[in-house]
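Notes follow once the structure below has been shown.
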Amino acid sequence: MQSRQRGAARRDVDCFSKLGIVRSNTAKNNKNKKKKKMDQAMSNVARAVESGATTIRGIVDATGLSRLKVERALHALEKQKLLLRDSRGFTAPGMLATPQVRQCGSCSRCCTLLEVTEVGKSVNEWCKHCDVDKGCTIYDDRPQMCRSFNCAWLQGHLADEWFPERARMVVHFSQDAVNVQVDPGYPDRWRQEPYFSKLCEWSLNGIRMNGNRSYATLIVSGPDKFLLLGRTIVPEPTLFGTAFLPVAAETFRYWKARSPEHLHRLYGRITEIQRIQQEFGYCAIPDDDDPYPPYRPALLRLSNHPHAESDAESA
Ligand code: SF4
Ligand code: SF4
């Protein structure tokens, strides 16, 4: 195994960034706008640290933010104890294990599985600059996307069995997601152990994170896309989001939204379901996926609660 460095671009996964995550509404005044910008900067900085940046310079390079913005975001994150500063630089507690130092070695999975627009490379095709024996033939002139890319295994966030050449998957982070790109020759690898349990664990962590720290766990396997909600697999999630409700420790009921307004209604009903669960200890979960308010009367009737009729009449 040669010791060599490789890198490849990660595809901008903006289209996925909204999946499974509901964000706050548009800011209505300048104060809110400033706060939103600060939240965004904090999120970018936290993600850069989780991706391996340990110095201010490294975070500036990874995020494209000015040094001043990075310093402000770091200060806010440290204050909220979302980031630690020690002799090794910055680290992010909670989400992922402390990174280890690794090398790509014999791996070139990201140069085959991921899209690199700067060299005209699509997903799941060999980069024309990738030599199986020598690695990147334009290493000194490789695009910035390739220079800045480090998969989650390389960053030390995953155990040895996740070595991409062996796992046949490349795991990488984007703004709001853990992304898993699966080798199309091994399309079900991510469903196998020990991989699936780890992905479930990450998914649950991402769902439990608050505010702009939450993230989705997304799997792309050949032409198929999946959103993971704990052990619940959502095939072909839509761009508008997926509303979900826990039904057991690691499983969820979900409804895929067809528009922002539809997502809003789905979450409106979920809120009412949770309210009824708190009040009565139980609420039936409807099968239909196109609810309209008022949600409470229909939910009470469906749940056969004794006071359903009078409650519904007064609603
Ligand atoms: S997938 Fe990870 S380990 Fe493999 S070459 Fe790319 S960055 Fe290196
Ligand atoms: S230019 Fe091609 S071979 Fe070189 S690092 Fe980027 S994707 Fe890999």
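The values are calculated or read from the model by the stated rules, or taken from the named source; none is laboratory data. Note that the coordinates shown come from a computational prediction; the quantities given were computed from them, not determined experimentally. Positions of Cβ are backbone-derived with ideal geometry, glycine not excepted, and every protein chain shown enters the neighbour counts. Please note that ligands, DNA and RNA were not included when accessible areas were found on the heavy atoms of the full protein model with its side chains. Shrake-Rupley method; radii C 1.70, N 1.55, O 1.52, S 1.80 Å.
The set of residues from the stretch 165-182 being under 19 Å from the mean Cα position of the chain (by Cα) and within 11 Å of ligand 1 (Cβ to nearest atom) comprises Met169, Val170, Val171, His172, Gln181. Applying the set (1) at pLDDT 70 or above; (2) loosely packed, with under 12 Cβ neighbours inside 10 Å to Ser87 leaves exactly one unmet item: (1).
Looking across the stretch 115-146, the residues that are within 13 Å of ligand 1 (Cβ to nearest atom), among the hydrophobic types (A, V, I, L, M, F, W, C) and touching a residue at least 60 places away in the same chain (Cβ under 8 Å) come down to Val116, Cys127, Cys136, Met145, Cys146. Taking the criterion of being part of a strand (DSSP E or B) and open to solvent by less than 10 Å² (accessible area, probe 1.4 Å), the residues of the stretch 201-243 that qualify are Ala216, Thr217, Leu218, Ile219, Ser221, Leu227, Leu228, Leu229, Val234, Thr242, Ala243.
The set of residues in the stretch 151-174 that are under 20 Å from Ser221 (Cα atoms) and surrounded by fewer than 23 Cβ atoms within 10 Å (Cβ to Cβ) comprises Glu161, Trp162, Phe163, Glu165, Arg166, Arg168, Ser174. Return yes when Ala298 is farther than 30 Å from Pro184 by Cβ, surrounded by fewer than 14 Cβ atoms within 10 Å (Cβ to Cβ), out of contact with any strand residue (DSSP E or B) (no Cβ under 8 Å at 6 or more places or on another chain) and among the hydrophobic types (A, V, I, L, M, F, W, C) and no when it is not. In short, no. For the stretch 221-240, the count of residues that are charged (D, E, K, R) and modelled with pLDDT under 95 is zero.
The residue that is farthest from Pro246 (Cα to Cα), among those in the stretch 259-290 that are touching a helix residue (DSSP H, G or I) at 6+ places or on another chain (Cβ under 9 Å) and among the hydrophobic types (A, V, I, L, M, F, W, C), is Phe280.
Within the stretch 244-267, the residues that satisfy the criterion of being open to solvent by less than 30 Å² (accessible area, probe 1.4 Å), in a helix (DSSP H, G or I) and not basic (Lys, Arg) are His262, Leu263, Leu266. What tally of residues in the stretch 244-269 results from selecting those that are closer than 25 Å to Leu199 by Cα and without any contact (Cβ under 8 Å) to a residue 40 or more places away in the chain? Summing the residues that are closer than 25 Å to Leu199 by Cα and without any contact (Cβ under 8 Å) to a residue 40 or more places away in the chain in the stretch 244-269 gives 11.
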